[in-house]
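Only one structure is covered here, and it is reproduced in the block below.
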Amino acid sequence: MNGMGGFRRSNYEPPKAPKPEGIKDLPRYLGEVLGGFFVRFAYIVKLVWQSGPWILFLLSFVALFKGVTPVIGSLISKEILNELQLVVRAGALPESEFWTSSVFYLLIFFFIYRILLRVINTVSNALNRIAGEMVVKEVKEQMMEKSKEIDLASFDDPAFYERMENANREAGNRPLQILTETFGIVSTAIEFISYLVILLAAPGLSWVVPIILAVSIPSAIVNFIYRKKNFHYMRRRSKERRQMDYYANLLVNKDMVKEVRMYDLSDTFIDRFKAVFGKYYQGLRKLILHESAWHILFGVLSGVTNLIFFVSIAVRVFTGEFLIGDYNLYTGAVMSVATCVSALITSSASIYGGTLFIDNLIAFMKEEQTIVPTAEPACEVKRGGHTIVLEHVSFRYPGMTRDVLHDVNLTIGAGETVVLVGLNGAGKTTLIKLLTRLYDPTEGRILLDGRDLKEYDLKSLYAMFGIIFQDFGKYAVTVEENIRFGDLHKEAGMEEVRAAAEQSAAKEYIESLPMGYDTPLMRIFEPDGKELSIGQWQKLAVARAFYADSDVLILDEPTASLDPMAEQEIFNQFDRLRTDKTTIFVSHRLSSATVADQIVVLGGGTVKEIGNHAELMEKRGAYYELFSTQAKRYMEQESSQEERPRRRRPR
Ligand code: ADP
């Protein structure tokens, strides 16, 4: 992950325990496994604490209560049965004696205990659900807060991106599962110890304990091993699982459905899904079958040993050494100890399965931010005209071996109109990302009004730009909100929203919408949401930039979605409105470039030519060639359109 020219990645390395090298190494290995467990456990506890300290207290109380109650229940039952047996031995008694007997009071006590148990169980379930929701909210909120500041470069790192996607996807269910299981372990441990004490204290029964442990521990360990194997298998097959999701999603994705139908790709994707499933399933089936074979073996073994225990306890009831209540208590204890051992290990294994989620989450939360102001305090951008200077700027994306931009020098003066020109992949968008400090140059520096861009406060810097990206935002809110998102701090009336729409040539179609500016957009949430064409969306994005009233306006490749007329119209608007504003255009259509103060031709990662239209045409270099090719194609189109009707005439 490291060694990506200038990018620092997450400083969090999940605790990993290398495999033990022999029996002597076992304590170190176990220490590290436990260490890892506690790091993650502490993280979960911290999360619960942040979600609400009361949750932590209540969950601990409930865990404690649930741990001791089974034993209390067994002890009361034992007393009741023993008392009844003594009565039976003594022969029948008159009913009136029942009301004063200890059996009666014990029964009342038992049912108070049962009611209490039920109440606590209900409370515990409700609490788990509420706590789960709160923790999920906390995790999602923390992730959203963190996302605000994650470097864009981090999103370009596939390993980071996958971890983040996984953490985000599982944030809805994992926290609750881990929470329930973690506190479940506390209850089970208490229950386990209590029953163990009962068996150890029982006259002549302590020999049972090591045998139960000897049988149930291996079974639980096998369980743990298979949970672990399963977990690692799923992790190894993560690519296949994501592929299956991907293929399944292609057939139900609204944006993809048109193309999938038209090219008849459905069956291909279904076949690919099946093929990937086959790969994924093969190993899994083997794991499931092997695990079941072990369980059958241990099932038989524990059945036989339990039979021996039950018989020996029953024999002592026969000989009068134990009463029926004792039989009930001890056989129950034998079963409970075994169940507890397996529950303890299964829960630990299950929490272990959740560690991937926690590790992903921790890594995400600790991802280092590099796009931060270097000056203390950070400089504020002053409103007005700005000069931007690029000095020997080079840049490469994380993980790439070659510069996308190399040694670029450029000065953009206040109030200038600059058009960036170049073939696809020439680095125009990348240059915009550097100018706006979404990324930092790998080498060289960018100066804004004489100061390094890095010294400015990010919010103030970003507010300086009104930008329309190629993949501009489409928000499922109303038209008005879509425009106001340009500057949420501005307290402007409707006139300004309308003015922005007018400047971006969006006014006409907005006013023809059923609810005008209040029309909800997209049909994701609202059944009456309006779907717009790409060109209409782009005009809205332009309106957003106009509304923001920023000092530097940037429009990245409007060609894709705007017709030439609309592009020219918007370009003219930019030109008219700019006064002292700087305008940067990235465009394929060179016709828009003719009026620019500066045309910057990018190619092969460097600035090939700079100048205005007349200068560059005279130079007869790259720009001249691009322009002539486009002009020629345009003329050809024009003439072929004129020719067509003529051809029809002879018929
Ligand atoms: P243009 O806007 O001129 O079409 P871009 O600036 O988008 O070009 O891309 C320049 C080069 O950088 C291309 O080769 C592209 O593949 C690469 N590139 C763009 N974005 C990324 C990214 N996030 N990670 C890695 N490479 C990228």
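The values are calculated or read from the model by the stated rules, or taken from the named source; none is laboratory data. Quantities reported herein were computed from a predicted structural model and do not represent experimental measurements. Glycine gets a Cβ as well: all are built from the backbone with ideal geometry, and neighbour counts include every protein chain shown. Accessible surface is based on the protein model in full, side chains and every heavy atom, while ligands, DNA and RNA are left aside. Shrake-Rupley method; radii C 1.70, N 1.55, O 1.52, S 1.80 Å.
Across the range 174-215, counting alpha-carbon atoms alone, Rg and Dmax equal 14.3, 45 Å.
Only helices enter the 222 nm calculation for the chain: every DSSP H run of n ≥ 4 contributes -39,500 (n - 2.57), and dividing by all residues gives -21000 deg cm²/dmol, rounded to 500.
For the chain, the fraction of 1.4 Å probe accessible surface lying on carbon and sulfur atoms is 59 percent. The angle between the Cα long axis of helix 238-252 and the main principal axis of the chain comes to about 60°, on a 0 to 90 degree scale. Peptides 595-601, 285-291, 500-506 ranked from most to least packed give 500-506, 595-601, 285-291, packing being the mean of other C-beta atoms within 10 angstrom over each peptide's residues.
Could you tell me which of the pairs Lys148/Lys229; Lys382/Lys433; Lys279/Lys366; Lys530/Lys632; Lys459/Lys539 are separated by over 29 angstrom between their Cα atoms in the structure shown? Those over the limit are Lys148/Lys229; Lys279/Lys366; Lys530/Lys632. Sorting the segments 540-547, 121-128, 216-223 by their mean number of nearby beta carbons within 10 angstrom, highest to lowest, gives 540-547, 216-223, 121-128.
Rg to Rh for the range 269-415: what is it, with Cα atoms only and Rh by Kirkwood? Please report the intermediate quantities before stating the final value.
Values: Rg = 34.2 Å, Rh = 24.4 Å.
The Rg/Rh ratio comes out at 1.40.
Angle between the Cα long axis of helix 266-318 and the longest principal axis of the chain, 0 to 90 degrees, nearest 10? Result, in degrees: 20.
Given axes a ≥ b ≥ c from the Cα gyration tensor, I'd like to know whether the range 355-447 is rounded (a/c under 1.5), prolate (a/b larger than b/c) or oblate.
Oblate shape, in that a/c is at least 1.5 and b/c is the bigger or equal ratio.
For Gly603, the residues 5 or more places off, or on other chains, whose built amide H falls under 5 Å of its own are Lys608. Our summary gives the range 383-458 a relative contact order of 40 percent, counting only alpha carbon pairs under 8 angstrom and 6 or more residues apart.
FRET efficiency for the pair Leu64 and Ile211, taken as 1/(1 + (r/R0)^6) with r the Cβ-Cβ distance and R0 = 25 Å, rounds to 0.30. By the Kirkwood approach, averaging reciprocal distances over each pair of separate Cα atoms, the chain gets a hydrodynamic radius of 31.5 Å. Here the spin labels are modelled as points 7 Å beyond Cα on the Cα-Cβ line, and at Leu152 and Lys286 they lie 4.6 nm apart. Starting from one equal scatterer on each C-alpha and no solvent at all, send me the Debye-based log10 I(q)/I(0) for the range 339-494 at q = 0.13, 0.14, 0.20 Å⁻¹, two decimals. Results for the range 339-494 at q = 0.13, 0.14, 0.20 Å⁻¹ read -0.80, -0.89, -1.37. Shape of the range 240-306 from its Cα gyration tensor (a ≥ b ≥ c, root eigenvalues): rounded if a/c is under 1.5, otherwise prolate when a/b > b/c, or oblate? Because a/c hits 1.5 or more and a/b exceeds b/c, the range 240-306 counts as prolate. Averaging the sequence gap over all C-alpha pairs within less than 8 Å and six or more residues apart, then dividing by the number of residues, gives the chain a relative contact order of 14 percent. Taking only the alpha carbons of the range 48-143, we obtain Rg and Dmax values of 21.0, 71 Å in that order.
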